[in-house]
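Q: The structure follows.
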Amino acid sequence: MSRIAHRGRIAHMLRDPGSTGDATAIAYFADGCLLVENGLVVACDHWDKVLPDADNWQIINHDDALILPGFVDTHVHYPQSDIIGGYGEHLMHWLDNYAFPVEQKIGTDLEYAANVAEFFIEQSLQNGTTSALVFATVHQHSVDAIFEAALAKNMRLIAGKVLMDRNAPEDLCETVEQGNIATQKLIEKWHGKARLGYAITPRFAPTSTMQQLLAAGELLQANQQVLMHTHLSENKKEIELVGELFPDCADYLEVYEKAGLLCERSVFAHCVHLSSSEQQRIAKAGASIAFCPTSNLFLGSGLFDLRAARNCGINVGLGTDIGAGTSFSMLSTQMEAYKVGQLQGDSLHPFEALYLATLGGAKALHVEDKIGNFASGKEADFVVLDLKATKILARRTANDPDIRELLFVLSVLGSSDTVLQTWLAGERVV
Ligand code: GUN
Ligand code: ZN
C-alpha cells in the first residue's frame with residue numbers, strides 16, 4: 001500500500017475553459033494537497049482542508065513548486081527524434097530527405113530502433129509529457145520497441161504501425177494484406193496491456209491506395225477500442241497531390257470518409273487548410289484534431305485556425321510532431337500555439353492552453369476518464385515545475401503572479417529545465 005500526500009502549489013483544469021479562459025474551469029491551490037493512494041488520485045484540495053496525518057501518509061513537500069497534470073502529446077513520431085531541425089525544407093521534400101531515410105534506418109537496425117524509442121520516452125518524461133499518441137514506422141519491431149520502452153516506465157501511451165503501400169521508398173511500403181496482418185497482430189499483442197493502447201496508423205492519403213485505406217477502415221470497425229491516427233491537410237502541395245491521386249473525392253477529408261476512417265476515435269494531425277465543410281464534418285463525427293504549432297511554423301505549412309475548429313465543436317489537443325516539430329516541450333508548444341493565434345488576432349488564454357495540453361489531449365485520446373486532471377480516481381500522472389529553474393524565471397516569478405500569469409510565463413520561459421520531477425501513476429520517474 002503506497003500513500004503519498006504531495007504538498008505544493010497545484011493547478012488543474014476541471015473542464016474546458018473556452019476562449020475566454022473561464023476562471024471557474026481551473027482549480028488552483030496556492031498551498032495544495034494531492035493525495036495519491038496506490039497510484040490513483042484520492043483528493044486534490046487546499047492543504048488545510050485535507051490535512052493528511054503523518055502516521056498514515058508519507059508527506060512530500062514540494063515547497064513553492066507548481067504541480068500540474070502531466071502533459072498529453074497528441075501527435076508525435078518517435079523514430080524522428082534524431083532528425084529535428086532539417087534545414088529549409090517544406091513537407092514533401094522534408095519527408096523524402098529526412099523522415100523516410102531515418103525510418104529506413106529503423107527498419108534495418110533493431111538496436112537503433114530500441115535506442116531511439118528509449119531516448120524518446122526519456123525526453124518526453126524529462127519535458128513533463130506523461131502520455132502520447134505516437135507514430136512508429138512501417139516495421140513491426142518499431143512498434144514493439146516503443147511499447148516496450150513505455151511499458152518499462154508504466155507510461156500511458158498509444159502507438160501504431162505506419163501503413164504505406166505507395167509513393168514512399170520501396171522498403172517502407174508493403175502490400176495491403178501484409179499491413180493488415182501485422183496491424184491485427186500488434187493490436188492483439190499490445191492493446192490494453194498495462195497502460196498501452198493501439199492506433200491504426202495510415203500515414204496519410206498520398207502514401208496509401210484506396211484499397212489500403214479501406215482495409216484500415218475495416219480494421220477500425222473490427223477493433224472498436226482502438227484509435228485511428230493520421231495526417232490531414234497540412235500543406236497546400238500535399239492537398240493538391242491528394243486531389244490528383246483521388247479524383248473521385250471532392251476534398252481531402254472525403255478520402256478518409258470513403259474509407260471509413262472518420263469517426264469518434266479518429267485523430268487528425270495538423271488540419272491547417274480545412275474548408276468549413278470539412279471542419280463541420282469532423283465536428284459531427286466527434287473526431288479530434290492535433291494542433292502542432294512548432295511543426296506548422298517550422299515547415300512553413302501555415303497557421304491552424306484553432307478558433308474556427310473549436311467554435312464548430314471539434315475537440316483539439318496539442319502535438320509536438322517531433323521531428324518536424326522543434327521541441328519536446330509542451331510548454332514551448334503552448335507558446336507557439338499562442339503565437340499562431342496572435343497572427344490571427346486570437347490570443348490563446350493560458351487556461352485554454354493548459355486545457356489543450358492536458359484534459360483536451362486526454363479527450364482526444366479517449367482516456368479522459370483516466371488522466372488529464374486530478375479528479376479523484378484518476379491515475380496520478382503529474383509534473384512538478386520549478387519556478388526558480390533559471391535566473392530569469394526566478395526574477396519573473398518573484399512577485400508571486402496569479403495563476404493565469406504564472407502559467408503564461410512558464411510557457412514563455414519554461415523548458416525541460418523547468419521540470420523538477422515527473423510522476424507516472426504515483427511513481428516518480430524523473
Ligand atoms: N505527413 C505525412 N507524414 C508526415 C510526417 O512524418 N511528418 C509530418 N509533419 N507530416 C507528415
Ligand atoms: Zn506528423
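The values are calculated or read from the model by the stated rules, or taken from the named source; none is laboratory data. Since we're looking at a predicted model, the values are computed, not measured. Here Cβ is always computed from backbone atoms with ideal geometry, including for glycine, and neighbour counts include all displayed protein chains.
Q: Could we say that D63 is farther than 26 Å from A152 by Cβ and more than 16 Å from ligand 1 (Cβ to nearest atom) here?
A: In short, yes.
Q: Restricting the first residue to the range 338-353 and requiring it to be surrounded by 14 or more Cβ atoms within 10 Å (Cβ to Cβ), which pairs with a second residue that is of a type in the set (V, I, T) meet a Cβ separation below 7 Å and a spacing of at least six or different chains?
A: Taking only residues 6 or more apart or on different chains, the pairs are H349/T20; F351/I26.
Q: Would you check if T326 is out of contact with any Phe, Trp or Tyr (no Cβ under 9 Å at 6 or more places or on another chain) and within 16 Å of ligand 1 (Cβ to nearest atom)? Full working, then the answer.
A: Numbers: out of contact with any Phe, Trp or Tyr (no Cβ under 9 Å at 6 or more places or on another chain): no; within 16 Å of ligand 1 (Cβ to nearest atom): yes.
Here the answer is no, as T326 does not meet what is asked.
Q: Further question on the same structure: Tell me, yes or no, whether the range 39-51 has at least one residue that is loosely packed, with under 14 Cβ neighbours inside 10 Å, more than 16 Å from ligand 1 (Cβ to nearest atom) and either assigned to a loop (DSSP other than H, G, I, E, B) or under 26 Å from the mean Cα position of the chain (by Cα) (or both).
A: Scanning the range 39-51 turns up at least one residue that is loosely packed, with under 14 Cβ neighbours inside 10 Å, more than 16 Å from ligand 1 (Cβ to nearest atom) and either assigned to a loop (DSSP other than H, G, I, E, B) or under 26 Å from the mean Cα position of the chain (by Cα) (or both).
Q: Any residue in the range 79-91 that is among the small types (G, A, S) and touching a Ser or Thr at 6+ places or on another chain (Cβ under 6 Å)?
A: no
Q: Here's a follow-up. Hey, among L354, L348, L365, which residue is hydrophobic (A, V, I, L, M, F, W, C) and closer than 19 Å to L66 by Cα?
A: L354
Q: Specify the residue that is nearest to L213 (Cα to Cα); the eligible residues are those in the range 241-296 that are within 17 Å of the chain's Cα centre (by Cα), among the hydroxyl-bearing types (S, T, Y) and within 16 Å of ligand 1 (Cβ to nearest atom).
A: S266
Q: Looking at L331, L274, which one is farther than 30 Å from T422 by Cα and surrounded by 17 or more Cβ atoms within 10 Å (Cβ to Cβ)?
A: Exactly one residue qualifies, and that residue is L274.
Q: Could I ask something else about it? Return the residue satisfying two criteria in turn: it lies in the range 1-26 and is assigned to a loop (DSSP other than H, G, I, E, B) and hydroxyl-bearing (S, T, Y), and of such residues it is farthest from the chain's Cα centre (by Cα).
A: Top of the filtered list is S2.
Q: Checking the structure you have, find out if any residue of the range 268-280 is in contact (Cβ under 8 Å) with a residue 40 or more places away in the chain, part of a helix (DSSP H, G or I) and not basic (K, R).
A: The answer is yes; a qualifying residue exists.
Q: Filter the range 189-225 for residues that are under 30 Å from E427 (Cα atoms), crowded, with 22+ Cβ neighbours inside 10 Å and in contact with a helix residue (DSSP H, G or I) (Cβ under 7 Å, 6 or more places away or on another chain) and give the result.
A: W190, Y198, I200
Q: Here's a follow-up. How about the range 176-212: which of its residues are farther than 19 Å from V134 by Cα and away from ligand 2 (no atom under 16 Å from the Cβ)?
A: Across the range 176-212, the qualifying residues are V176, E177, Q178, I181, T209, M210, Q211, Q212.
Q: A follow-up question, please. Given (1) of a type in the set (A, V, I, L, M, F, W, C); (2) in a strand (DSSP E or B); (3) crowded, with 24+ Cβ neighbours inside 10 Å, identify the lone condition not met by L356.
A: (2)
Q: From E352, E336, which residue is among the acidic types (D, E), at pLDDT 95 or above and farther than 30 Å from I60 by Cα? Quick ask: steps written out before the conclusion?
A: Numbers: E352 fails: farther than 30 Å from I60 by Cα.
It is E336.
Q: Also, quick follow-up: Under 8 Å between Cβ atoms, which residue pairs at least 6 apart in sequence (or on different chains) link something in the range 123-147 that is within 16 Å of ligand 1 (Cβ to nearest atom) with a partner that is of a type in the set (S, T, N, Q) and part of a strand (DSSP E or B)?
A: Close Cβ pairs (under 8 Å, with a partner that is of a type in the set (S, T, N, Q) and part of a strand (DSSP E or B)) amount to A132/T74; L133/T74; F135/T201; A136/T201.
Q: Considering each residue of the range 70-114, count those that are among the β-branched types (V, I, T), crowded, with 24+ Cβ neighbours inside 10 Å and away from ligand 1 (no atom under 12 Å from the Cβ), and give that number.
A: So the count comes out to 3.
Q: Moving on to the next point. Checking the structure you have, find out if any residue of the range 288-311 is away from ligand 2 (no atom under 16 Å from the Cβ), in contact (Cβ under 8 Å) with a residue 12 or more places away in the chain, part of a loop (DSSP other than H, G, I, E, B) and surrounded by 23 or more Cβ atoms within 10 Å (Cβ to Cβ).
A: No; the residues of the range 288-311 include none that is away from ligand 2 (no atom under 16 Å from the Cβ), in contact (Cβ under 8 Å) with a residue 12 or more places away in the chain, part of a loop (DSSP other than H, G, I, E, B) and surrounded by 23 or more Cβ atoms within 10 Å (Cβ to Cβ).
Q: Looking only at residues that are closer than 18 Å to E122 by Cβ and of a type in the set (D, E) in the range 58-101, which one is nearest to ligand 2 (Cβ to nearest atom)?
A: Of all residues in the range 58-101, those closer than 18 Å to E122 by Cβ come to 70-73, 76-84.
Checking which are of a type in the set (D, E) leaves us with 73, 82.
Working: D73: 11, D82: 15 Å.
Among those residues, the one meeting the criterion is D73.
Q: Name the pairs whose Cβ atoms lie under 8 Å apart, with the first residue in the range 410-425 and surrounded by fewer than 22 Cβ atoms within 10 Å (Cβ to Cβ), the second in a helix (DSSP H, G or I), and 6 or more positions between them or separate chains?
A: These pairs meet every condition: V412/M335; L413/I392; L413/L393; L413/R396; S415/L331; S415/S332; S416/Q123; S416/Q126.
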